[in-house]
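To start, the structure itself, in structure tokens.
The values are calculated or read from the model by the stated rules, or taken from the named source; none is laboratory data. Not measured: the values here are computed from a predicted model. Reconstructed Cβ throughout: ideal geometry from the backbone, glycine too, with neighbour counts over all protein chains shown.
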Amino acid sequence: MDTLLQVRSPFPTSIAWYRSKSILFLGILTSLVHPAFAANWAQFRGPNASGISKEKTRVRAQPPQRTVWRTTIPRGHSSPIIVKHQVLLTAFENEDLLTICLDRFSGRLLWRHGVRRRSSGPYHKMNSPATPSPVSDGENVYVFFGDYGLIALSLDGQERWTLPLGPFDNSNGMGSSPILAKDKLLVLCDQNVGSFFLAVDKKSGQQKWKAERPDFTNGYSTPILYQPETGPLQVIVAGSVRLIAYDVETGQEVWWVLGLPWQMKSTPVMDGNNLYIHGVAGDGQWAQVSSFEEALQRLDANQDQKLSKTEGSTDPVIRKWWGTMDVNGNGLVEDREWTIFSDRGLSRNAVFGFRLGGKGDMTNANLLWRYDKAVPAVPSPLLYENVLYILKEGGILTTLDPTTGHVLKQSRLAGAPGEYFASPIAASGQVYLLSYEGKLIVLKPGAQWEILAINDLADESWATPAFSDRCLFVRTSKAIYCLTAKAK
């Protein structure tokens, strides 16, 4: 069944009518929600990066689906956020880094703000200069560009402050999105050398604290917030081998667990007492090494407390892994680099369930379970109605019991077997998935999930959809769509 969709476009160069093949979008909302009661989707993956809309609406499971508007936008991988009547996202054009604001109801361009790149770092072919998503407190919007730094804008596009950061030494480009915690804007800047976690005053951009992370290499996970029953608010960061909870007020480490993969891309999710995270980095098999002191005694011929490639050539582990050990590429392995490599011996590609809380090293006390098959690299997990969803590249969807880690169902998504970078979200009693090839999948949720519909947007997509006021906002490489129920 072919459906001709009328598209409202604010740009004169945009296509005014868009013909889509077989767009049968199930799971549409029946009740009309007044905009005043719509929940904001104000950061990457919505409330606390959970991927779950707080809106309570009833649904019907029958076509058709209406495209309210489609707006052509510049390229970028950031996910849209929804604040009041505005859709906000970042993009890039040549040397310009853009923050774009659209009218939530029409798709009309309200404003755009641009800055020139201060630097131009390398990017993985599946990354971009505009990958971190914006965050908003309802009064301002805050954006982070790896080639510029932090920018605060009013919701009418007026610049409040800027904080140049970088240049960053991340061979794949930056990816972690900023978040807000009380009066602070938090941004994770993990890179090959010089990683740190930064808190600035959201009103002025002045630094509140900076937590140096010298043993962490490039990572892309977005932090989440955790409020224990007693004690200060904490922010949880997943990075190389370790997940750390920091005190939001001071930036001090409160507790941590070990065993994560050495490079984290996905963002954790949590319920009241537990946290769930997964990751893949390489094959997950790393050599065990001695202490650095012992290695120096054996190999440090010139006694400079460093190891050169020549000095390490007689050791089979160093010879095999030299390119990985030499993190900063200066031809020498120092104590910090040895520690990073040694810690990788503790890492494991897996899905983890952890208890939240504690003091100091909580690895043994907090580990609930670990599952190490069909583990995704990029899409973040989704915890919805007491079922944990993990979506692996190739379209393999697994549901797990969050209490035990036991598999409930595992199957390839028939009709949508491609790559996946966007994370699953849940809204209005359904789960939504978006493939790199532009297949938008609607699931009936549950341990034994079912595919309700697959819709082909026929365009590449990296961004995680957003949901607000009975509408799904989907970004592709060329446009952003607002999809909702077709009135009868």
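The table below lists the values:
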read-out	value
Top-ranked residue in region 296-320 [being among the hydrophobic types (A, V, I, L, M, F, W, C) and at pLDDT below 90; ranked as farthest from THR399 (Cα to Cα)]	ILE318
Which listed residue, of VAL143, VAL115, VAL135, VAL187, is of a type in the set (Val, Ile, Thr), at pLDDT 95 or above, over 22 Å from the mean Cα position of the chain (by Cα) and crowded, with 17+ Cβ neighbours inside 10 Å	VAL115
Test: LEU346 is surrounded by fewer than 18 Cβ atoms within 10 Å (Cβ to Cβ), in a loop (DSSP other than H, G, I, E, B) and not hydroxyl-bearing (Ser, Thr, Tyr)	yes
Selection status of ALA281, out of contact with any Ser or Thr (no Cβ under 8 Å at 6 or more places or on another chain), crowded, with 18+ Cβ neighbours inside 10 Å and not acidic (Asp, Glu)	no
HIS124, sole failed condition from (1) touching a residue at least 60 places away in the same chain (Cβ under 8 Å); (2) closer than 20 Å to ASN218 by Cα	(1)
Sole residue being farther than 30 Å from ASP169 by Cα and not acidic (Asp, Glu), chosen from LEU397, LEU332	LEU397
Candidates PRO445, PRO424 - the one that is within 22 Å of ILE224 (Cα to Cα) and at pLDDT 95 or above	PRO424
Elements of type strands (runs of 3 or more DSSP E) in region 65-184, at least 3 residues being of a type in the set (A, V, I, L, M)	81-83, 86-93, 96-103, 109-116, 149-154, 179-181
Scan of region 202-243 for residues that are among the small types (Gly, Ala, Ser), closer than 15 Å to TRP255 by Cβ and either modelled with pLDDT under 95 or out of contact with any strand residue (DSSP E or B) (no Cβ under 7 Å at 6 or more places or on another chain) (or both), ordered by number	GLY231, GLY239
Qualifying residue in region 304-313 (condition: over 23 Å from VAL257 (Cβ atoms), among the aliphatic types (A, V, I, L, M), in a helix (DSSP H, G or I) and in contact with a helix residue (DSSP H, G or I) (Cβ under 9 Å, 6 or more places away or on another chain))	no
Search result, residues across region 391-430 that are at positive phi and over 21 Å from the mean Cα position of the chain (by Cα)	GLY405, GLY415, SER428, GLY429
Sole residue being outside any helix (DSSP H, G or I), of a type in the set (Gly, Ala, Ser) and not assigned by TED's automatic domain parsing to the domain that holds ASN218, chosen from GLY323, GLY272, GLY329	GLY329
Residue within region 260-267 that is without any contact (Cβ under 8 Å) to a residue 24 or more places away in the chain, in contact with a Lys or Arg (Cβ under 9 Å, 6 or more places away or on another chain) and buried (at least 18 other Cβ atoms within 10 Å of the Cβ) present	no
Hits in region 234-252 - residues which are more than 22 Å from the chain's Cα centre (by Cα) and acidic (Asp, Glu)	GLU249
Wholly within region 388-488, strands (runs of 3 or more DSSP E) carrying at least 2 residues that are of a type outside the set (D, E, K, R) and closer than 23 Å to PRO129 by Cβ	471-475, 479-485
Residues located in region 398-411, provided they are over 17 Å from LYS444 (Cβ atoms) and either of a type in the set (D, E, K, R) or in contact (Cβ under 8 Å) with a residue 60 or more places away in the chain (or both)	ASP401, PRO402
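Residues checked against (1) in the same structural domain as THR399 (by TED's automatic domain parsing); (2) surrounded by fewer than 23 Cβ atoms within 10 Å (Cβ to Cβ); (3) at positive phi; (4) free of Cβ contacts under 8 Å to residues at least 60 places away in the same chain:
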| site | (1), (2), (3), (4) |
| --- | --- |
| SER461 | yes, no, no, yes |
| PHE473 | yes, no, no, no |
| THR476 | yes, yes, no, yes |
| ALA479 | yes, yes, no, no |
